[in-house]
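For reference, the structure is listed below as C-alpha cells.
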Amino acid sequence: MICVNWTNHEAVSETRSQQLKSVFVEELQGKQSDPATATGNCVVSVFLERTPAKIVVTADVENGRDARFFFATIPRAGIPAENVATSVPRLEKELLWQQTERVLDALFVRRGNGASDRLIVLQKEVLVVYEKQADGWKAAQAKPLGEASVMQRAPRGELSFSLDQPERVKIVFAGKSCQASLNDASPLVCQQSTEPVRAGMLLASACDSRVWWLRASGGDSTTPDKLELVNSSVPQGQIAATELAMLGPIVSISSGEALRADTAVVFNLATGNYEIYRIALACSQ
Amino acid sequence: MRFIVLRWLAVSERLVALLSIFPFAAASFASTKPRYGGVLRVELLASSTTLDPRAWKAGSRDFGTNERLAALVFDRLVALDNYGRFVPQLATEWSHDASSRRWQFTIRADVKFSDGSALSAADVAAALAPLLPEDLKVAATGNSVVFQATEQRADLLELLASGRFFVFRAQPDGSLVGTGAFKLEEAGKGTRPAAADSPSVAQTSLQRLNFAANELCWAGRPFLDAIDVTLGVPPLRALFDLQVGKAELVELAPDMVRRANQANTRVWASSPLTLYGLRFDDAQPQTTNEKLREALSLSLDRMTMAGVLLQKQAEPAAALLPQWLSGYAFLFHGETNVERAKELRVSLPANVAGGASPLRLQTDVSGDLARLLAERVAVNARQTGISVQPLGKARDGNARTADPAELHLFAWRIFSLSPGEELRSLAKAQRVEEAKEGNLSDPDRRYAWERKILEERKLMPLVALPDYAGLATTVRDWQPSPWGEWQLADVWLEPAQAPKTTAPPNSAPNGARP
Amino acid sequence: MSFRTKLFWVFLVTMLVSVSIVSYAVTHYSRAPFEEIDRERTEALVAQFQKEYAQRGEEVGRQLDNIINSELTARMAIDLANPNADQSLYFRDAVGMAQEHGLDFVEIVNFQGTLISSVQYPARVGYKEDWVTQVSDWHEVAPFLRKEELPDGSDLSLSAVRTYPVEKKNLYIIGGKRMDRHFLASLVLPAGMRALLYRNLDPTFSAAEIVDSNDTLQNPERLEPLINQIRKQSQPLVETVNWTGNAADAETFHSIPLLGRNNEVLGALLVGSSQRELVLLKRKISWLAAIVGVSALFVGLILTWWISRRITRPIEELADGARDVASGRWDRHIDLRGRDEVGQLAGAFNEMTQTLASQKERLVQAERVAAWRELARRLAHELRNPLFPLQITVENLQRARQLSQDQFQEVFNESTATLKAELSNLNAIVNRFSDFSKMPTPRFTKVRINEALRDAMRLFEPQFNAVGKPPVGTELFLGEGLPEIDADPDLLHKAFQNLILNALDAMPAGGTLKLRTSGQDEKIRIEVSDTGKGLTPEECSRLFTPYYTTKQLGTGLGLAIVQSIVSDHHGTISVSSEESRGTTFRIDLPQRQPGVLLKPAVEEKKSEGEEPARATAAANQG
C-alpha cells in the first residue's frame, strides 16, 4: 500500500485538486493508495504550488532515509477558468446567547482540547465570562468594570482577543483600554485610551484562504441591519459579495476564533433582547 | 505539513496586523466607475533612478524603482496577469518551434511612440537586442521579431514579460521615447533619461519627475492626467506626507509598515522580492573550510531576524528563489542548531578564521537594515564561538579597512519572472560557479543546482522582504502584481483628490485598459 | 696659605653657604603653598565631578521614571507579562523612548530577562540580560557606570534601571547617558588644570579612550603607566608626567578610579595640574641664587682684597717692623693710621720702638757703667790677691832691715822671689784683661772646622800624656764631608783652645776628651765633652758670665771669650752636664754669615782702631 500525501497550496481549486489527485494516484501503475490517510508516514508527498505563470507540482518520494524530488510545471493559462478566485461563500449564523441587559460586545472562543468553550460578554458595568457546560452556558466569572464604567447614552465597547494570549481579553470602551484575565478574578487593569471602536471584522473562509471583511450595513437603531461581506483588501466602496439579514441593528462584530468565525451582537427589535450570534462562512459549491 | 502550518500562521499574523488598517467610519457606498483626471503624487525612497533599461543592474535594490517608473513610459512585448495568463502588449501573437528555440512575435500595428513616430519591428529588435542574455538573439523580419536561442527557451515569455525588456527608441539627442501610458515631461534637478552610453546616465540624480498622460497610447489614455514622482524621500517623511494628504502613493520602508498599520494607513505588500543573504569570498582560502561554513550557517537565527528585528515584515529565507517564484522553496530548510554549531566550531583549529582573528563581514548594500542584519549575524556567530566583525566606520572615524572581507552580506532584488534566469543572474552576481546543469528552465535541473549551492553553503539566505507601499484612500483600482509591478496606468483617483482637471480624455473604444 | 687667601675663602664660603641655605629655604617653603593650593583645587574639582556625576545619575533616574510612568510602558508591560506576547511589536520602542527623554542608551528587558528592544545594539534583541533580573528592587540601587556593548565596540554610560511590575513580572527599562567629553565640558576648570576621563573599555591601554574636553592632550601614551596602575589596583593615585624634556611642562595627575556595580574599574578621572608655575619659580630662585652666588664671588674678591688691604697690610707692616727691631733697627716706625685695633697695635709698636730707642742709650750707658763696675770689681778682686802678698813681703823686708845681713839676705831673696811671682801674676791678669778688651771684630773666611779642631788639639797633646799626671784619652767624631764655613780662624782657634783647656781642667784625675762635629740645617755643630765631675744647674746658668769660674786659679773669662766669639759668628753655645758624668759644650755655627765679603784665608793684623769696638762688643756681651 502506497500512501500519498496530497497538498494543494492554493494552486487550483479544491475540486480540481481532487481531480488531479485521482488521476495521479491511478497513474501510479495500479498501486493501491489511501489518500485519506495523509500522514507523515507517506512514501509519496505531492505538493501543488502556484507561481505567476505556472503550477509547480513537486513530488517528494521517500525511499528509506533518502528522498528524491520530481518536478513538473503546468501553465496556469492552460487550466480552464474556474471559480477559485470568484466563488463567494455563504454567511451562516448560529445563535449562542440572548439577554435583556445591554450587551456592548461579545466574543465566542472555541477552545478545544477538552476545555470548555467560552462566551465573553461585555456589558455596561460588568464583563461576564460564560463557559459551555453540558447543560448550557454557565457564568464562570463576572468582573466589574468599576471606576472604568462611564454613563453614556449610547455606550459602545469592543472586545479584542488573540489566539496567542488565550487567557486575556482586551476591552476598549468609554475612553479606556483595559486588560482582563479570563482565568482568575483579578480586576481589570485599565488606562486612558483613544482607540476608536471597530465597525467590522475580518472573516476568513474555511474553503479557501480568502479573507473577507464582515460589516454591518450601517442603518440606525430602529431598522434591522444586514451583515455584509466585502473584499477585505479595499473594504470601502465595495459592494457586498453576500449579505445576511439580521433581526435588528447590529451592535458589534468581533472575533474570538482567529477569524474563522466572528461573533455579532444584534438587538432584536421584535423581542428587545440582545442576541449573540456566531457568524461563519460556509463553502458554496 | 509544516509549511502549511507556517503559512497559516504567517497569514494569521499578517491578518492580525492588517486588522488595524481598516477605517472605522461606517461604510459608505462609493462609485466603482473610474474617473479621469487628477495628479497622482508618488514618493519613493530611492534617491536616484534611470529609465534606461540598458543601465539597470540585475538584482540591485533600485531595480524595482527603475522598473516601476520605466513601466509608465515603456511597454513590453507581453505582460503576465494575476491569473497566470500572458497578455498581448506590443506583441499581438507569438509562436515557437517544437524545441522552443525559435520564437516569433507579431508586432502590434498602429502603435506610436509618445513623440508620434510609429513603432516598427526594427525598433523592437533594436531595443531588446542589447538586453537579452548571451544565448538569445533577436532580429526583425517584417512586422515580426524573431528570437533565436541556442538552447531550449521555454521561459521566454516569462523573461520578456518582466525585468528590463521594455521597448524604446533612442533619440538622436540620447533621450529615450516609449509607447507607454505616460511620457516624461519634466525632470527636476537633473536631465531627461539619457542613453546608456551617455556619460550622464549612471550618475543622473533625478529628484523630481513629472509624467504626463500619453494621449497617443495604443491602450488608451490613462485615467490620470499626470503622475508626480519625488525621489529620495526619507521613510518617515513619506509616511507623514501620505497621512497628511501630501501624497497618494508612497513607498514604505519595512520598519515603517507597523507604524503605518497602527495609524490605520492602507498598506500594500508584495510577495517577498528582496533576498538578503551571506556569501563567503572564495578567494580567501581560509573561508573554504566546510565545517566553518556549516557552523556559521547553523548559528544563524533567521526566525528572529524576520520576526523580531524586522518585526514580521519579512520572512525567514531558506532558499535563494522565493516560494512564489520557484514553487519548491519549501523543500529547503534553514536550520538553526546552536549546539551543533558550537561542536563544529570547537573541532576547528584555533587559527581558522573567526578564531584568532575575526571574519570580516562586508555589507555590499547600504542602509540600516543591512547593517542591522550584519550585526545580528555577528551576534549569532559569537554565540557559537565564531568571531565575526561587521565592517563599517570605526568609532574613531576611520574608513573601513581596505583588506578584502571573508564574508559579504548581499541584497538581491528579484527582477525576472523566469526562475531560471533569476537564479543564473543571482549566482553570477555572487560569483558562484556557472551551472553545469544545463538549461535552468527545467525545474529539476534548477532545483538541483540551487540545492548544490545551498548545501555547499556558497550562499546562505537570511530573510526575504516584500516591497511595501502606502496608499491614500482616494487611490482606486489599485491592482499591483504580487511581484511588485504597480500598474499605475489603471489607477484613478477619487473625485475629492481629482483637481480641476483638464478636458475629458480620449474615449476611444479601447480607451479603458483591460 | 696667606691670610688674604684664607680671608677670601672664608668670605666666599660664608656667602655661598648663606645663599644656598636661603635659596633652599625659599624653594622649599614656597613649594608647600603651591602644593597646598594644588591639593585644594584638585579636591574641589573632584567634588565638582562627583556632584555632576550624581546630578547626571539623578537625571537619568528621573527620565527613567518618566518612561516607566508613561502609558506606552504600561501597555507594553501588561502585554509582555504574557509569556506568548508578540515581542516584535516593541522592537523599535527603545529608540522612541531614548529620543523623547534625551537618553543615549535605552534597553527594554522582559520579566524573563530577554532583551526586547535596544537603542545601542538592536541586533542583540532576543538574548538574555540576566544581570537585570537578579536585583529585586532597582529603585534602591543608585545610578552606576556600565560598559555598553555596541556593534562596533563599546562605550561607557552612567545608567540606571527601573521596573514596571505586572503581577510580579517586571518589565525592566535600562537607561543611560554616555560618559563622554560633553560630561567633562560641564566641569569648570581653574587655570592650569584640566580633567581627563579614561574609559577602560579595552583589555589593554588605548590612547583613543582618553577623553579630553578641550582636545589639548598630546602624547597621550605617556599616561599609559599611570592608567595601567590604576586599572590594576583601583586606588587613587598621584603621579607626575613629564610631557617633554622640559620640567616646566610636567603635570601632576591625581587619578581617581571609577567603578562599576561589581567594583570593576570602568574608568578613571585624571585631574591634571600644571607644574609650570612652580618649576618656573624654582628656576627663578635658582637663577637668582646663582647670580647672587657669582656676585658674591666677585664681591667677595673685591671685599677680600679691600679688607685684606686694610687688615693684612698693617699686620705685614707690623711683622716687618718686628723683624727689623729683631735685627736691631730699633728706630723702626710703622706708618699706620686708624683707630681700630690694628691702628692701636701699630701705635703701640711705634711707642715700643721709641721707648726701646730712647732706652737704648740709657741701657748702653748703664751697661757700660755696669761693665766698668764689674770690671773694677773684678780687677779689684784680681788685683787684691797678689797685692796682699806684695804688701806682706814689703813689710817683711822692712822688718828684715833689723836682721843680720845673712838673715836679711835670706829674707830679701825670699821676698824678692815672692814679689816677682806676684808681679808675674799681676802681669798675667793685666794681660788677660788686655786680651779680653782686645777681642777683635771677626774677619770671616772659609774655614774647615775639622782642621781647626785638630789644630787646637795638637797644642795640648803633650798634656794628654804628661808624666806624673793621669792620662786623658781623646776621641774624635768628626763628621765627614762637612762644608767650609764662614768664620774667623783665629778666633775659632782661641775658642777651641779655651774649651779644651776647660775640659782638661775639669779632669784632674784623667778621663776622656771627646770632640764631635756634625752638620744639619746649614749649621755646623761642634761638641766638646769631658768626663769630669760635671756642673750643677746653677753653675751651668752662670757659666758664661765673665769672671765666673769654678777653678781656683781661673780668671773666669775663658768661656766668656768663647761665648763672645760664638756670638760674633752668629752662633749659639750651650752646655749640658751631669754630675760625676761630665760636661758637654755644644756650639752651633751657621755656615754662612750675612753680608760677609769672604776674606781669603790670609792672616791680617789686627788694627788698634778696632779695640774699642771689640771692647764695646765684649762689654755688650758681658
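The values are calculated or read from the model by the stated rules, or taken from the named source; none is laboratory data. All values derive from a computational prediction rather than experimental measurement. Please note: Cβ atoms are built from the backbone with ideal geometry, for glycine as well, and neighbour counts cover all protein chains shown. Accessible surface areas use protein heavy atoms only, side chains included; no ligands, DNA or RNA. Shrake-Rupley method; radii C 1.70, N 1.55, O 1.52, S 1.80 Å.
Residues are listed down the side, and each one gets a yes or a no for (1) at pLDDT 95 or above; (2) closer than 29 Å to B:Pro172 by Cα; (3) assigned to a loop (DSSP other than H, G, I, E, B); (4) open to solvent by 50 Å² or more (accessible area, probe 1.4 Å):
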| site | (1), (2), (3), (4) |
| --- | --- |
| B:Gly84 | no, no, yes, no |
| B:Glu93 | no, no, no, yes |
| B:Ala98 | no, no, yes, yes |
| B:Thr106 | yes, yes, no, no |
| B:Ala109 | no, yes, yes, yes |
| B:Pro133 | no, yes, yes, no |
| B:Ala140 | yes, yes, no, no |
| B:Arg153 | no, no, yes, no |
Exercise. Can you tell me which residues in region B:372-385 are facing chain C (nearest Cβ under 8 Å) and of a type in the set (D, E, K, R)?
Worked result: B:Glu375, B:Arg376
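Every residue, every condition in (1) away from chain B (no Cβ under 14 Å); (2) in contact with a Lys or Arg (Cβ under 7 Å, 6 or more places away or on another chain), yes or no:
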| residue | (1), (2) |
| --- | --- |
| C:Thr73 | yes, no |
| C:Ala81 | yes, yes |
| C:Ala85 | no, no |
| C:Thr114 | no, yes |
| C:Ser118 | no, yes |
| C:Pro122 | no, no |
| C:Tyr127 | no, no |
| C:Thr133 | yes, no |
Exercise. Do the conditions hold for B:Leu369, that is, is it open to solvent by less than 10 Å² (accessible area, probe 1.4 Å) and within 14 Å of another protein chain (Cβ to nearest Cβ)?
Worked result: no
Seminar exercise, completed: Considering residues that are buried (at least 20 other Cβ atoms within 10 Å of the Cβ) and closer than 20 Å to B:Ala374 by Cα, the number found within region B:316-344 is 5
For this session: Quick one: C:Phe205 ticks every box in (1) part of a strand (DSSP E or B); (2) open to solvent by less than 60 Å² (accessible area, probe 1.4 Å) except a single one, so which number is it?
Result: (1)
Exercise. Does B:Ser416 fit the bill of being out of contact with any helix residue (DSSP H, G or I) (no Cβ under 9 Å at 6 or more places or on another chain) and within 29 Å of B:Asp255 (Cα to Cα)?
Worked result: no
For this session: Find the residue count for region C:159-184, including only residues that are assigned to a strand (DSSP E or B), under 19 Å from C:Gly267 (Cβ atoms) and not polar (S, T, N, Q).
Result: 6
Seminar exercise, completed: For helices (runs of 4 or more DSSP H) lying entirely in region C:1-118, having 2 or more residues that are of a type in the set (Ser, Thr, Tyr) and open to solvent by 20 Å² or more (accessible area, probe 1.4 Å) picks out C:3-68
Exercise. If you take the residues of region C:208-219 that are open to solvent by less than 30 Å² (accessible area, probe 1.4 Å) and touching a residue at least 12 places away in the same chain (Cβ under 8 Å), which of them is farthest from C:Leu184 (Cα to Cα)?
Worked result: C:Ile210
For this session: Considering (1) modelled with pLDDT of 90 or more; (2) open to solvent by 60 Å² or more (accessible area, probe 1.4 Å); (3) within 12 Å of another protein chain (Cβ to nearest Cβ), say which one A:Lys93 fails and leave the rest.
Result: (3)
Problem set entry | Which numbered condition B:Pro234 misses (of (1) open to solvent by 10 Å² or more (accessible area, probe 1.4 Å); (2) over 26 Å from B:Gly38 (Cβ atoms)) | (2)
Problem set entry | Residue ranges of strands (runs of 3 or more DSSP E) in region A:172-285 with at least 2 members at pLDDT 85 or above | A:176-181, A:189-192, A:211-216, A:226-231, A:242-245, A:250-254, A:261-267, A:274-282
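Residue-by-condition table, conditions (1) at pLDDT 80 or above; (2) loosely packed, with under 15 Cβ neighbours inside 10 Å:
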{"residue": "A:Trp6", "(1), (2)": "yes, no"}
{"residue": "A:Gln32", "(1), (2)": "no, yes"}
{"residue": "A:Ala38", "(1), (2)": "no, no"}
{"residue": "A:Glu49", "(1), (2)": "yes, no"}
{"residue": "A:Val57", "(1), (2)": "yes, no"}
Exercise. If we scan region C:468-481, do we find a residue that is touching a residue at least 24 places away in the same chain (Cβ under 8 Å), assigned to a helix (DSSP H, G or I), open to solvent by less than 80 Å² (accessible area, probe 1.4 Å) and not hydroxyl-bearing (Ser, Thr, Tyr)?
Worked result: no
For this session: Give region B:372-385 a look and list any residue that's surrounded by fewer than 18 Cβ atoms within 10 Å (Cβ to Cβ) and either among the basic types (Lys, Arg) or touching a strand residue (DSSP E or B) at 6+ places or on another chain (Cβ under 7 Å) (or both), or say none.
Result: B:Arg382
Exercise. Consider B:Arg451 against the criteria (1) more than 14 Å from chain A (Cβ to nearest Cβ); (2) touching a residue at least 24 places away in the same chain (Cβ under 8 Å); (3) part of a helix (DSSP H, G or I); (4) open to solvent by 50 Å² or more (accessible area, probe 1.4 Å): it satisfies all of them except one. Which criterion is unmet?
Worked result: (1)
